[in-house]
Each structure stands twice: as C-alpha cells, then as structure tokens.
Amino acid sequence: MTDPRWRRLARLRLYCNAACIGTIAVACVVLCGWILGIGSIKSGFLNSVTVKANTAIGMILLGTSLWLLLPDPPRRARRYVGLILAALAASIGTVTVIEYIFGVNLGIDQLFFREDVGTLTTYAPGRMSPITAITFMALGLALLLLDWEPRPGRRPAQMLSLWGALVAVMSLSGYINNATAIYRVFSYTQIAVCTAMVLLVMSMAIFFARPRAGIAGDITGRYVGSAMARKFLPAVIVVPLFAAWLRMRGQRAGWFGTELGLSLNVALNVVSLSILVWLNARQLNRSEEALEEVREAKNVLYDSSLKDELTSLYNRRGFLTFAEEHIKLACSGRRELLVVFADVDGLKAINDGYGHLEGDRALKKAAEVLLAVFRDTDLVARLGGDEFAVLALDCSRAGLVRINAHFEKLLRAVNNLDQPWKLSISVGTVHVDSEHPLSINDLLTEADKVMYERKRSKVLAAAR
C-alpha cells in the first residue's frame, strides 16, 4: 500500500485474474460443445461461426500461462510452467501459420476433434483463421517476454499484446458493420465472435500484467498525463466505433446514402475528438493553475524563511546561504570582497526611553540607510537584534572611502528628521582579495572586532 496507485493496481490485478479464469472457462465450455457435438456451445452461445478446438486449447494455454505469471515476480516453479504453456500456445499459432503459407496439413487441425469437410466459413477442417494464429503467436511470445525490458520503459510484451487487441477490435468492428473483409481474409476461415472477444480480453490482461512498467505504467501513473489518458482513452476507442455503427444502421435503414453517411461519420468523429481536446486542455489548465499556486506558496514560504520580517532584509540564514556563493564567485574570478558588520548604537536606550515601536522604527531607518548606501547586487542582512551585515563584490579601498562618506551623509539626513532620538551606527569593515579567501564566519568575526573597536572609540570620545 506504499504505492499511491495501489487501489488502481489492485483493480487491474483483479481484472487480469478474472480474464484468465473467464478465458479458461469459455474455452472449456467450447470444448464441451465439441465433445457433445452441440453447435451452439461450439460458438460460445453467440450463434456465430464455431470456435475451433485448437483455438479453445490455445485459449486455455494462454489463460493458464498468464495466471501463473501474474505474481510479480512469480515463483520459480510457476514461472517455468507458465513459460512452457506460453510456448505451447505460440507453437499452435506458428504451426497453423506454416500450414497456410506452405499449403500443407501437419495434422494438428483435427488432432482431438474432427470437423466435417466443406464446413462453411472454414478453409480447412478444424483450422483456425490465419489472423487468429498470428495472434496466438504474438500473445504467446508476449508471455514469454513478459518481464524482459531491453531499455527502461520499453516492454516488447506490451507491444505484442496490443496486436491481439487490434485484431480483436477489427474483427468485432467487422461483425458490427457486416464488413466481411475485416474478419475474413479472402476465402480463409472466419474469426468467431467469441474468439475475438476472448482475444481482446486476454490482450488487455497481458498488457496490464505488469502495470507499473512500460506503456501500462504511463497509463496507470499518478501524474496529470496518466490521468488524462485514463479519462479520454476509452472515449477515443468507443466513439469512432459507435460512429461507424450509427452510419451503417442509418444507411441500411435508407435514411441517407453512402456519401452523406461518410460525411456524418467524419463530422461525429471530429466533433467528439474536438470536445475531448477541449476537456483535456481545460483539465491541464486547472492542474497548471493549481501547481502555480503551490509554487507561489512555496516561494512565499521560502522567502519568509530567508527574510527578516521587520526590515525585509535577509536574515542570518539567508545571508549565510548566499554569502558562501558570493565568496566562491569572488575566488573564481579574482574579485575583491568587502564585508561590513554594523551595530545600532544605543538601541536599548531608545526602547527604554521611547518604547519598542520607536526602537523598531530606528532599526527600519538603519536598514534603509544600508540599502541606500550599497548596491542592489550586494547582500544586506539583519543578523538579529541590532546587528547588520553587508557583503559586497568588486569594492575597492577607494570605493570604501566613498561608501563611508555617503553613509555619514545619510545618517545626518535621518537625524535631521523630526524624531525624539538620534540614529548612530557603528561599522566595522574587512576588505579582502581572492588570493586570501576566508569563510564567511571568519570574515564576520574580523569585521565584528573592527566594529567594536570603533564603538569603544565612540564611547570614550563621548565620555570626554
């Protein structure tokens, strides 16, 4: 149950088991019809051409083989027996194809039961149709290659099983529309309705026998594309068949001729497929909108984890995260680096004398000053409390002189405002080149020492 698709996969496993049991049961009923000589039972109670005895035996082999191979992976004994039965089913189809190609009778057509010579819709007594024989070859080979994956996501067994589904759909479509050429190849044996239905069920069961891999995995997946495939694939298959059936019924009833019937058929297919495309686009748009909302929420959460709520500067985590990248960039390009450690003087006195709202206002003003002094590409952060840090690339010693002058000018402008307190910031700087790289923590420690020396100098000067 760790796979989020476990319910879907469980339903597919139930279908595969039911397909095996149903196929074996139908084939046994047909064989009983041959034993008892009852024609209606030979056709599977569908009043069509009879299901050949070899076809019924091949169905039993396919159903039993798949049932033994369904566990993933199967036990060794079950696997060997399943592969042997699959090889026998493929052999029945192969021998029948050889009989058709070379015009010989190898004696397998009436090995167990004899069919009258000259039976209608039958090329040779007891012989299955060539399309059925080829399908037995394909499905038997699919079972033999069930777990073979030459490339990731490529399962030849699934491609072979789709051949059986194609043949079955064509045959059933031929019966529905009375298109004899589809389910009868020239003068060869017809495919029985029961055979076509069983081949379709078995082909789908073999296709989904390993539902996590290959094309089946693309359909059973948990992403949007898989969900779209599961939603619209049945309609893509059913609608064209229904449109063809509707056209044939209308033409036979004399409601319209061949040309108009063809036009209506095409129009119905175009309209239905266009609706499916529109529904698909709408569903994808909704999914994309939901994903975009999730991305925005993640970005907001990510920013909030890296930004200081009061000043909107980077917090300590954000500063340390991006500072290491800046240092690597400076070292790789031989660029100069400036690290600044700043501390707001007398913040406790402002909080005690004028309240914490004024203290927060002083911190915001300090952040505005630092943002105005440094460039947009420089990292400016509030490390916590009254401590700030700046990291600037490509800042020379001459540029540092201009920065100090601009800094003092902005401080004077802030202190000229109508406010009860004066803003004072002590700053320590460390200027390094790429030939003497240090970690960001070492650089902050050096800048912090310089800052405290200047702060102590201010205190001594004020005491005098």
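The values are calculated or read from the model by the stated rules, or taken from the named source; none is laboratory data. Everything quoted here is computed from the prediction, not taken from an experiment. Note that we place each Cβ from the backbone using ideal geometry, even for glycine, and neighbour counts take in every protein chain shown.
Does the stretch 423-456 hold any residues that are at pLDDT below 85 and of a type in the set (Gly, Ala, Ser), and which are they?
Residues satisfying the conditions are 434, 439.
Evaluate the stretch 317-335: report whether one residue or more is surrounded by 17 or more Cβ atoms within 10 Å (Cβ to Cβ) and either in contact with a Ser or Thr (Cβ under 6 Å, 6 or more places away or on another chain) or without any contact (Cβ under 8 Å) to a residue 12 or more places away in the chain (or both).
Yes, because at least one residue in the stretch 317-335 is surrounded by 17 or more Cβ atoms within 10 Å (Cβ to Cβ) and either in contact with a Ser or Thr (Cβ under 6 Å, 6 or more places away or on another chain) or without any contact (Cβ under 8 Å) to a residue 12 or more places away in the chain (or both).
Would you mind telling me which numbered condition in (1) modelled with pLDDT of 90 or more; (2) under 25 Å from residue 144 (Cα atoms) residue 29 fails?
Condition not satisfied by residue 29: (2).
Pick out the one residue from 262, 268, 241 that is on the phi < 0 side of the Ramachandran plot, surrounded by 15 or more Cβ atoms within 10 Å (Cβ to Cβ) and not assigned by TED's automatic domain parsing to the domain that holds residue 200.
268
Could you list all residues from the stretch 51-81 that are more than 17 Å from residue 164 (Cβ to Cβ) and crowded, with 24+ Cβ neighbours inside 10 Å?
53
Provide a single number: the residues in the stretch 371-389 that are in contact (Cβ under 8 Å) with a residue 40 or more places away in the chain and not in a loop (DSSP other than H, G, I, E, B).
Qualifying residue count, the stretch 371-389: 10.
Going by the structure shown, is residue 48 buried (at least 17 other Cβ atoms within 10 Å of the Cβ), in contact with a Leu (Cβ under 6 Å, 6 or more places away or on another chain) and of a type in the set (S, T, N, Q)?
no
Among 249, 230, 212, which is farther than 30 Å from residue 17 by Cβ and not acidic (Asp, Glu)?
On inspection, the qualifying residue turns out to be 249.
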